[in-house]
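Encoded as C-alpha coordinates, the structure appears first; notes follow it.
The values are calculated or read from the model by the stated rules, or taken from the named source; none is laboratory data. Every value quoted in this text rests on a predicted model; they were computed, and no experiment measured them. Cβ sites come from the backbone with ideal geometry, for glycine too, and all protein chains shown count toward neighbours. For accessibility, only protein heavy atoms count, side chains too; no ligands or nucleic acids. Shrake-Rupley method; radii C 1.70, N 1.55, O 1.52, S 1.80 Å.
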Amino acid sequence: MTIDFLNLKRVNAPHDAAIRAAIDKILNSGWYVLGDETSAFEREFAAYCGVAQCVGVANGLDALHLILRAYDIGAGDEVIVPSNTFIATWLAVSRAGARVVPVEPDERTCNIDPQLIEAAITPRTRAIMPVHLYGQPADMDPINEIARKHGLRVIEDAAQAHGARYRGRRTGGLGDAAGFSFYPGKNLGALGDGGAICTNDAQLAEKLRKLRNYGSSVKYRHEMDGMNSRLDELQSAILRAKLRELDAENARRAVVAAAYTEALAHSPLELPYVSEGAEPVWHLYVVKTTNRALLQAHLNAQGIGTLVHYPIACHRQPVYANETWPDLPIADRLQDRVLSLPMAPYLDSSEIAAVTTSMLEYFA
(Lines give C-alpha, C1' and ligand atoms only; values in the text may rest on other atoms or scores of the structure.)
Protein backbone atom coordinates (compact mmCIF):
# COMPACT_ATOMS: atom_id res chain seq x y z
CA MET A 1 0.00 0.00 0.00
CA THR A 2 1.29 3.44 -0.98
CA ILE A 3 0.03 6.33 1.13
CA ASP A 4 0.95 9.78 -0.11
CA PHE A 5 1.53 12.50 2.42
CA LEU A 6 -1.18 14.41 0.54
CA ASN A 7 -2.94 13.52 -2.70
CA LEU A 8 -4.72 16.55 -4.13
CA LYS A 9 -6.59 14.45 -6.70
CA ARG A 10 -8.21 12.55 -3.84
CA VAL A 11 -8.83 15.78 -1.92
CA ASN A 12 -10.76 17.28 -4.82
CA ALA A 13 -12.48 14.15 -6.13
CA PRO A 14 -15.60 14.57 -3.94
CA HIS A 15 -15.97 18.11 -5.32
CA ASP A 16 -15.47 17.17 -8.97
CA ALA A 17 -18.98 17.95 -10.23
CA ALA A 18 -19.20 21.22 -8.27
CA ILE A 19 -15.74 22.32 -9.43
CA ARG A 20 -16.52 21.60 -13.08
CA ALA A 21 -19.83 23.44 -12.79
CA ALA A 22 -18.01 26.42 -11.25
CA ILE A 23 -15.45 26.45 -14.08
CA ASP A 24 -18.17 26.34 -16.73
CA LYS A 25 -20.08 29.11 -15.00
CA ILE A 26 -17.07 31.44 -14.93
CA LEU A 27 -15.99 30.55 -18.48
CA ASN A 28 -19.44 31.36 -19.77
CA SER A 29 -19.76 34.56 -17.74
CA GLY A 30 -16.99 36.41 -19.55
CA TRP A 31 -15.98 38.15 -16.29
CA TYR A 32 -12.88 36.79 -14.58
CA VAL A 33 -11.61 39.30 -11.96
CA LEU A 34 -13.48 41.05 -9.11
CA GLY A 35 -16.97 40.02 -10.10
CA ASP A 36 -20.06 38.50 -8.54
CA GLU A 37 -18.42 35.21 -7.50
CA THR A 38 -15.69 36.95 -5.53
CA SER A 39 -18.22 39.22 -3.83
CA ALA A 40 -20.38 36.21 -2.97
CA PHE A 41 -17.44 34.23 -1.61
CA GLU A 42 -16.36 37.20 0.50
CA ARG A 43 -19.83 37.42 2.04
CA GLU A 44 -20.04 33.68 2.66
CA PHE A 45 -16.56 33.32 4.12
CA ALA A 46 -17.10 36.34 6.37
CA ALA A 47 -20.31 34.76 7.66
CA TYR A 48 -18.53 31.43 8.15
CA CYS A 49 -15.78 33.07 10.22
CA GLY A 50 -18.28 35.17 12.17
CA VAL A 51 -17.00 38.55 11.01
CA ALA A 52 -18.47 41.48 9.15
CA GLN A 53 -15.92 41.84 6.34
CA CYS A 54 -13.85 39.65 4.04
CA VAL A 55 -11.50 40.89 1.31
CA GLY A 56 -10.22 38.36 -1.23
CA VAL A 57 -6.58 38.67 -2.26
CA ALA A 58 -4.05 36.74 -4.34
CA ASN A 59 -2.42 34.63 -1.61
CA GLY A 60 -1.80 34.29 2.11
CA LEU A 61 1.45 36.26 2.16
CA ASP A 62 -0.25 39.21 0.50
CA ALA A 63 -3.08 38.96 3.02
CA LEU A 64 -0.71 39.47 5.96
CA HIS A 65 1.36 42.10 4.16
CA LEU A 66 -1.71 44.12 3.14
CA ILE A 67 -3.05 44.13 6.70
CA LEU A 68 0.23 45.64 7.87
CA ARG A 69 0.12 48.18 5.03
CA ALA A 70 -3.45 49.10 5.86
CA TYR A 71 -2.45 49.76 9.47
CA ASP A 72 0.48 51.91 8.26
CA ILE A 73 2.96 49.57 9.93
CA GLY A 74 6.36 49.88 8.28
CA ALA A 75 9.87 51.26 8.63
CA GLY A 76 10.86 51.85 12.25
CA ASP A 77 8.07 49.63 13.60
CA GLU A 78 8.30 46.19 15.19
CA VAL A 79 5.93 43.24 14.91
CA ILE A 80 6.02 40.30 17.32
CA VAL A 81 5.82 36.94 15.54
CA PRO A 82 6.33 33.30 16.55
CA SER A 83 9.85 31.95 16.16
CA ASN A 84 8.27 28.70 14.95
CA THR A 85 6.17 29.23 11.82
CA PHE A 86 6.21 29.12 8.03
CA ILE A 87 8.44 31.81 6.53
CA ALA A 88 5.48 33.79 5.11
CA THR A 89 4.68 35.15 8.58
CA TRP A 90 8.14 36.72 8.81
CA LEU A 91 8.29 37.78 5.16
CA ALA A 92 5.05 39.75 5.46
CA VAL A 93 6.62 41.87 8.20
CA SER A 94 9.87 42.30 6.31
CA ARG A 95 8.07 43.24 3.09
CA ALA A 96 6.20 45.97 4.98
CA GLY A 97 9.57 47.39 6.07
CA ALA A 98 9.03 46.59 9.75
CA ARG A 99 11.31 44.60 12.04
CA VAL A 100 10.57 40.99 12.95
CA VAL A 101 10.66 40.30 16.70
CA PRO A 102 10.51 36.53 17.28
CA VAL A 103 8.98 35.02 20.41
CA GLU A 104 9.36 31.35 21.28
CA PRO A 105 6.43 28.89 21.29
CA ASP A 106 4.90 26.76 23.98
CA GLU A 107 6.68 23.55 23.03
CA ARG A 108 3.56 21.46 23.66
CA THR A 109 1.36 23.27 21.12
CA CYS A 110 4.11 24.77 18.94
CA ASN A 111 2.12 28.05 19.02
CA ILE A 112 3.49 31.33 20.37
CA ASP A 113 3.75 31.38 24.18
CA PRO A 114 1.69 34.32 25.53
CA GLN A 115 3.79 34.36 28.72
CA LEU A 116 6.84 35.42 26.71
CA ILE A 117 5.25 38.16 24.63
CA GLU A 118 5.27 41.09 27.06
CA ALA A 119 9.04 40.90 27.55
CA ALA A 120 9.48 41.42 23.79
CA ILE A 121 7.44 44.64 23.63
CA THR A 122 9.31 47.90 23.08
CA PRO A 123 8.18 51.47 22.32
CA ARG A 124 8.39 50.55 18.62
CA THR A 125 6.08 47.53 18.81
CA ARG A 126 2.93 48.02 16.75
CA ALA A 127 1.38 44.57 16.44
CA ILE A 128 1.38 40.94 17.56
CA MET A 129 0.96 38.32 14.82
CA PRO A 130 0.06 34.93 16.36
CA VAL A 131 -0.09 31.92 14.05
CA HIS A 132 -2.67 29.16 14.42
CA LEU A 133 -0.07 26.57 13.52
CA TYR A 134 -1.00 23.13 12.17
CA GLY A 135 -4.69 24.11 12.48
CA GLN A 136 -4.73 24.65 16.26
CA PRO A 137 -5.71 28.15 17.41
CA ALA A 138 -3.19 30.09 19.43
CA ASP A 139 -4.09 31.04 23.02
CA MET A 140 -5.81 34.28 22.04
CA ASP A 141 -7.33 35.60 25.28
CA PRO A 142 -4.03 36.46 26.98
CA ILE A 143 -2.61 37.71 23.66
CA ASN A 144 -5.53 40.10 23.21
CA GLU A 145 -5.24 41.22 26.84
CA ILE A 146 -1.56 42.08 26.36
CA ALA A 147 -2.37 43.91 23.13
CA ARG A 148 -5.08 46.02 24.80
CA LYS A 149 -2.75 46.87 27.66
CA HIS A 150 -0.07 48.17 25.27
CA GLY A 151 -2.27 49.56 22.50
CA LEU A 152 -1.20 47.00 19.89
CA ARG A 153 -2.95 45.41 16.92
CA VAL A 154 -3.51 41.66 16.85
CA ILE A 155 -3.19 40.14 13.37
CA GLU A 156 -4.01 36.44 13.08
CA ASP A 157 -2.07 34.28 10.66
CA ALA A 158 -4.88 31.81 10.05
CA ALA A 159 -3.42 30.24 6.91
CA GLN A 160 -3.65 26.72 8.38
CA ALA A 161 -6.78 27.07 10.49
CA HIS A 162 -9.90 27.40 8.32
CA GLY A 163 -12.80 26.65 10.64
CA ALA A 164 -10.82 26.14 13.86
CA ARG A 165 -12.43 27.45 17.03
CA TYR A 166 -11.08 29.04 20.19
CA ARG A 167 -13.50 29.09 23.13
CA GLY A 168 -16.39 28.72 20.68
CA ARG A 169 -15.31 31.41 18.21
CA ARG A 170 -13.79 30.73 14.83
CA THR A 171 -10.34 31.85 13.81
CA GLY A 172 -10.52 34.91 11.61
CA GLY A 173 -12.50 36.83 14.20
CA LEU A 174 -10.20 36.52 17.21
CA GLY A 175 -8.11 39.67 16.66
CA ASP A 176 -8.26 42.94 14.75
CA ALA A 177 -7.75 41.26 11.37
CA ALA A 178 -6.75 37.85 10.02
CA GLY A 179 -4.98 36.58 6.93
CA PHE A 180 -5.95 33.29 5.26
CA SER A 181 -4.34 31.25 2.50
CA PHE A 182 -6.25 29.07 0.04
CA TYR A 183 -3.18 27.29 -1.32
CA PRO A 184 -4.34 23.93 -2.76
CA GLY A 185 -3.14 21.88 0.22
CA LYS A 186 -5.04 23.90 2.82
CA ASN A 187 -8.21 22.63 4.50
CA LEU A 188 -10.07 25.04 2.22
CA GLY A 189 -7.90 24.94 -0.88
CA ALA A 190 -8.30 26.48 -4.31
CA LEU A 191 -6.96 25.09 -7.60
CA GLY A 192 -4.14 27.60 -7.45
CA ASP A 193 -3.13 30.40 -5.13
CA GLY A 194 -5.61 32.54 -3.25
CA GLY A 195 -6.05 34.35 0.04
CA ALA A 196 -8.39 36.50 2.08
CA ILE A 197 -8.47 38.98 4.94
CA CYS A 198 -11.19 38.89 7.60
CA THR A 199 -12.05 41.74 9.96
CA ASN A 200 -14.92 43.49 11.71
CA ASP A 201 -13.44 46.91 10.82
CA ALA A 202 -15.35 48.32 7.84
CA GLN A 203 -12.89 51.19 7.33
CA LEU A 204 -9.96 48.79 7.28
CA ALA A 205 -11.75 46.58 4.75
CA GLU A 206 -12.46 49.57 2.50
CA LYS A 207 -8.78 50.52 2.57
CA LEU A 208 -7.75 46.93 1.85
CA ARG A 209 -10.04 46.76 -1.19
CA LYS A 210 -8.23 49.76 -2.61
CA LEU A 211 -4.77 48.48 -1.73
CA ARG A 212 -5.39 45.12 -3.44
CA ASN A 213 -6.55 46.85 -6.63
CA TYR A 214 -3.81 49.32 -7.55
CA GLY A 215 -5.01 51.72 -4.85
CA SER A 216 -8.27 52.22 -6.70
CA SER A 217 -11.96 51.99 -5.94
CA VAL A 218 -13.02 53.71 -9.19
CA LYS A 219 -11.52 52.58 -12.50
CA TYR A 220 -8.47 54.65 -13.53
CA ARG A 221 -8.60 56.74 -10.36
CA HIS A 222 -5.83 55.73 -7.94
CA GLU A 223 -5.99 57.09 -4.41
CA MET A 224 -3.01 55.31 -2.82
CA ASP A 225 0.10 53.28 -3.58
CA GLY A 226 -1.60 49.94 -4.05
CA MET A 227 -0.72 46.61 -5.64
CA ASN A 228 -2.32 43.94 -7.79
CA SER A 229 -3.49 41.23 -5.39
CA ARG A 230 -6.95 40.01 -6.27
CA LEU A 231 -8.73 36.71 -5.70
CA ASP A 232 -9.98 35.81 -9.16
CA GLU A 233 -13.48 34.72 -10.10
CA LEU A 234 -12.55 31.14 -10.96
CA GLN A 235 -10.92 30.46 -7.59
CA SER A 236 -13.78 32.25 -5.81
CA ALA A 237 -16.36 30.02 -7.47
CA ILE A 238 -14.39 26.88 -6.61
CA LEU A 239 -13.90 28.01 -3.00
CA ARG A 240 -17.63 28.72 -2.67
CA ALA A 241 -18.38 25.14 -3.69
CA LYS A 242 -15.80 23.65 -1.32
CA LEU A 243 -16.72 25.91 1.62
CA ARG A 244 -20.07 24.13 1.89
CA GLU A 245 -18.28 20.88 2.76
CA LEU A 246 -15.51 22.34 4.94
CA ASP A 247 -17.03 21.52 8.32
CA ALA A 248 -17.73 17.93 7.28
CA GLU A 249 -14.18 17.50 5.99
CA ASN A 250 -12.72 19.07 9.13
CA ALA A 251 -14.79 16.62 11.20
CA ARG A 252 -13.31 13.75 9.19
CA ARG A 253 -9.80 15.11 9.84
CA ALA A 254 -10.61 15.02 13.56
CA VAL A 255 -11.55 11.33 13.23
CA VAL A 256 -8.21 10.60 11.55
CA ALA A 257 -6.35 12.53 14.27
CA ALA A 258 -8.18 10.68 17.04
CA ALA A 259 -7.31 7.33 15.44
CA TYR A 260 -3.64 8.29 15.21
CA THR A 261 -3.62 9.44 18.83
CA GLU A 262 -5.27 6.26 20.11
CA ALA A 263 -2.99 3.94 18.15
CA LEU A 264 0.23 5.78 19.04
CA ALA A 265 -0.63 6.62 22.64
CA HIS A 266 1.97 4.23 24.12
CA SER A 267 4.72 4.88 21.59
CA PRO A 268 7.85 6.94 22.39
CA LEU A 269 6.51 9.74 20.17
CA GLU A 270 5.38 13.06 21.59
CA LEU A 271 1.87 13.42 20.19
CA PRO A 272 -0.03 16.65 19.45
CA TYR A 273 -1.25 18.50 22.52
CA VAL A 274 -4.61 20.27 22.30
CA SER A 275 -4.89 23.20 24.68
CA GLU A 276 -7.97 24.04 26.72
CA GLY A 277 -10.68 25.79 24.74
CA ALA A 278 -9.09 24.90 21.38
CA GLU A 279 -10.91 23.02 18.62
CA PRO A 280 -8.25 22.33 15.98
CA VAL A 281 -9.03 21.44 12.39
CA TRP A 282 -5.96 19.22 11.97
CA HIS A 283 -4.43 20.80 8.92
CA LEU A 284 -1.40 18.77 9.99
CA TYR A 285 -0.86 15.95 12.46
CA VAL A 286 2.64 16.59 13.80
CA VAL A 287 4.53 14.26 16.12
CA LYS A 288 7.90 14.89 17.73
CA THR A 289 10.75 12.40 17.89
CA THR A 290 14.49 12.38 18.43
CA ASN A 291 14.86 9.70 15.73
CA ARG A 292 13.20 11.56 12.88
CA ALA A 293 15.54 10.72 9.99
CA LEU A 294 15.48 6.99 10.74
CA LEU A 295 11.73 6.94 11.35
CA GLN A 296 11.05 8.88 8.18
CA ALA A 297 13.28 6.55 6.15
CA HIS A 298 11.46 3.51 7.61
CA LEU A 299 8.06 4.94 6.68
CA ASN A 300 9.26 5.90 3.22
CA ALA A 301 10.47 2.34 2.63
CA GLN A 302 6.94 1.17 3.50
CA GLY A 303 5.43 3.55 0.93
CA ILE A 304 4.22 6.06 3.52
CA GLY A 305 4.84 9.72 2.76
CA THR A 306 5.74 12.23 5.47
CA LEU A 307 6.96 15.84 5.52
CA VAL A 308 8.76 18.12 7.95
CA HIS A 309 7.03 21.40 8.86
CA TYR A 310 9.55 23.04 8.97
CA PRO A 311 13.11 21.73 8.58
CA ILE A 312 14.82 25.13 8.78
CA ALA A 313 13.64 27.61 11.42
CA CYS A 314 12.94 31.12 10.12
CA HIS A 315 15.92 32.67 11.90
CA ARG A 316 18.18 30.07 10.26
CA GLN A 317 16.98 30.83 6.74
CA PRO A 318 19.49 32.40 4.30
CA VAL A 319 17.20 35.39 3.73
CA TYR A 320 17.78 36.40 7.38
CA ALA A 321 21.44 35.40 7.57
CA ASN A 322 22.61 39.00 8.02
CA GLU A 323 20.28 39.66 10.94
CA THR A 324 21.16 39.21 14.60
CA TRP A 325 18.68 37.12 16.56
CA PRO A 326 18.38 36.18 20.22
CA ASP A 327 18.84 32.56 21.19
CA LEU A 328 15.76 30.62 20.07
CA PRO A 329 16.38 27.12 21.41
CA ILE A 330 12.79 25.90 21.15
CA ALA A 331 12.54 26.81 17.47
CA ASP A 332 15.91 25.14 16.91
CA ARG A 333 14.76 22.02 18.73
CA LEU A 334 11.46 21.79 16.87
CA GLN A 335 13.12 22.04 13.46
CA ASP A 336 15.01 18.86 14.29
CA ARG A 337 12.18 16.88 15.93
CA VAL A 338 8.84 17.50 14.18
CA LEU A 339 7.38 15.07 11.63
CA SER A 340 4.04 15.42 9.84
CA LEU A 341 2.06 12.25 9.14
CA PRO A 342 -0.40 11.84 6.26
CA MET A 343 -3.50 13.91 7.06
CA ALA A 344 -6.53 14.34 4.82
CA PRO A 345 -10.29 13.77 5.05
CA TYR A 346 -10.11 10.92 2.51
CA LEU A 347 -7.89 8.63 4.64
CA ASP A 348 -9.71 5.42 5.51
CA SER A 349 -9.27 3.05 8.43
CA SER A 350 -6.95 0.71 6.51
CA GLU A 351 -4.64 3.56 5.54
CA ILE A 352 -4.58 4.92 9.08
CA ALA A 353 -3.80 1.45 10.39
CA ALA A 354 -1.00 1.04 7.84
CA VAL A 355 0.63 4.29 9.00
CA THR A 356 0.38 3.53 12.71
CA THR A 357 1.34 -0.14 12.36
CA SER A 358 4.47 0.79 10.44
CA MET A 359 5.43 3.34 13.09
CA LEU A 360 4.90 0.89 15.93
CA GLU A 361 6.94 -1.73 14.08
CA TYR A 362 9.80 0.75 13.84
CA PHE A 363 9.79 1.39 17.59
CA ALA A 364 9.42 -2.31 18.37
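At 7 Å along Cα-to-Cβ for each site, give me the label-to-label distance between ARG108 and ALA254 in nm.
According to this spin-label approximation, the distance is 2.0 nm.
If you filter the range 20-108 for trypsin sites (Lys or Arg not before Pro), then keep DSSP loop positions with at most 14 other Cβ within 10 Å, what is left? Provide the component values of the computation, followed by the final result.
Details: sites: ARG20, LYS25, ARG43, ARG69, ARG95, ARG99, ARG108; in loops: ARG108.
Qualifying residues, ordered by number: ARG108.
Please compute the net charge surrounding VAL51, taking Lys and Arg as +1 and Asp and Glu as -1 over other residues with Cβ under 14 Å from its Cβ.
On the way: positive: ARG43, ARG165, ARG169, ARG170; negative: GLU42, GLU44, GLU156, ASP176, ASP201.
For residues surrounding VAL51, the net value is -1.
Could you compute how much accessible surface ASP36 exposes when probed at 1.4 Å, giving the result in Å² to the nearest 10?
Answer for ASP36: close to 130 Å² accessible.
Among the DSSP beta bridges whose two residues both lie in the range 24-158, what percent are antiparallel, rounded to the nearest 5?
Values: 1 of 12 bridges.
That works out to approximately 10 percent antiparallel.
Which one, ALA354, PRO268, LEU66, projects farthest toward the positive side of the charge dipole computed for the chain from Cβ point charges (K/R +1, D/E -1)?
Highest projection toward the positive end goes to LEU66.
Name the trypsin sites (Lys or Arg not before Pro) in the range 226-300 that are in a loop by DSSP and that have at most 13 other C-beta atoms within 10 Å, would you?
ARG244
Using a 1.4 Å probe on the protein chains only, how many percent of the accessible area of the chain belongs to carbon and sulfur?
Details: 7840 of 15630 Å².
For the chain, the apolar C and S fraction of the accessible surface comes to 50 percent.
Using a 1.4 Å probe and ignoring any ligands, DNA or RNA, find the accessible area of PHE86 and quote it in Å² to the nearest 10.
100 Å²
Rounded to the nearest 0.05, what FRET efficiency do ALA293 and ARG221 give with R0 = 56 Å and r taken as the Cβ-Cβ distance? Could you check? Walk me through the numbers on the way to the answer.
Working: r = 57 Å, r/R0 = 1.02.
With a Förster radius of 56 Å, E is 0.45.
Do any chymotrypsin sites (Phe, Trp or Tyr not before Pro) in the range 231-307 lie in a loop, going by DSSP, with at most 14 other beta-carbon atoms within 10 Å of their beta carbon, and if so which?
Values: sites: TYR260, TYR273, TRP282, TYR285; in loops: TYR273, TRP282.
Hits after loop and neighbour filter: TYR273.
In the structure displayed, which of LYS25/LYS219; LYS186/LYS288; LYS149/LYS288; LYS25/LYS186 lie more than 27 Å apart, Cα to Cα? Can you show the working numbers first?
Numbers: LYS25/LYS219 25 Å; LYS186/LYS288 22 Å; LYS149/LYS288 35 Å; LYS25/LYS186 24 Å.
Long pairs (Cα-Cα over 27 Å): LYS149/LYS288.
Could you do me a favour and compute the accessible area per residue for the chain, 1.4 Å probe, result in Å²?
On the way: 15630 Å² over 364 residues.
Ligands and nucleic acids excluded, the figure is 43 Å² per residue.
In whole angstrom, how far apart do the alpha carbon centroids of the range 205-221 and the range 289-364 sit?
Each part's Cα centre sits 42 Å from the other's.
Residues with amide H under 5 Å of ALA159's amide H, sequence separation 5 or more or different chain, H placed in the peptide plane at 1.01 Å from N; which?
So ALA159 has HN proximity to HIS132, SER181.
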